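Since the structure comes first, as structure tokens, the remarks are kept for the end.
Values quoted throughout were computed directly from the atomic coordinates according to the rules given, and no laboratory measurement underlies them. Because the structure is a prediction, the values reported are computed rather than measured. We place every Cβ from the backbone using ideal geometry, glycine too, and count neighbours over all the protein chains shown.
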Amino acid sequence: MRERRRTWTIGGIGLVACGVLGMLSSTFLVTSGGPALATVTGVIYAASVLLFAVGTTAEASIVARRPLGVATLAIVAVWPLVDRLAVSLLPQDGSSLGAWTTYGYVTLIIQTGAALVAAMQIARAGIVPGPWHWAPLWVLGLQAFAWAVPQIIAVSVGPAEIQRWADLYVLMGALAALVGTLGLGILALVLAAQQRPESIEVFRSE
């Protein structure tokens, strides 16, 4: 239990930090420090998720170090950094709309697929106590909802009215991101605090 508590505490602090830095990154997006802050956030996020995947011991890993769980969580961990790199390499002048469209589908399939499989592996591993082992799936559901609502609104109101809903799009996107970082981080800290160290038998002297 001690290693599990340590792993979840460190990983939880990392995810909470990602949530806070993510808010700061969006605030300073128009400044020169925004991209650097976003990169730092991505590195902390990757390290935190990888720690949850591997753990300091197999017993501390939220997927019990099962290969499929570790592999899919590794994809989830590094994908934000891969995405930033890929976006920086794609043409920025609008001359390659096809490349952007293709990449959009690829990233949607890989990121969503890896996250879904990882969430199922967490639930099946039985390491995280119930019902909280379903929390990653709840987050995925909320993020899917946050993605679907703007699409539905865009189709319903037409291009001319989309701008009126811009604040809602930003709010829902920020909420989905915070639940996946700050929310899961706080949950990890709470669960870590509930882990009790192994009892140590004390022998009395006769």
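If you take every residue apart from residue 45 with its C-beta less than 12 Å away from the C-beta of residue 45, what net charge results, scoring Lys and Arg +1 and Asp and Glu -1? Overall, the nearby charge balance is 0. Extension gain for residue 57-residue 23 works out to 9.0 nm (0.36 nm per residue, less the C-alpha to C-alpha distance). Between residue 108 and residue 138, what FRET efficiency follows from the Cβ-Cβ distance if R0 is 25 Å, with the result rounded to 0.05? My answer for the efficiency is 0.80. With R₀ set to 25 Å, the beta-carbon distance separating residue 13 from residue 43 gives a calculated FRET efficiency near 0.95.
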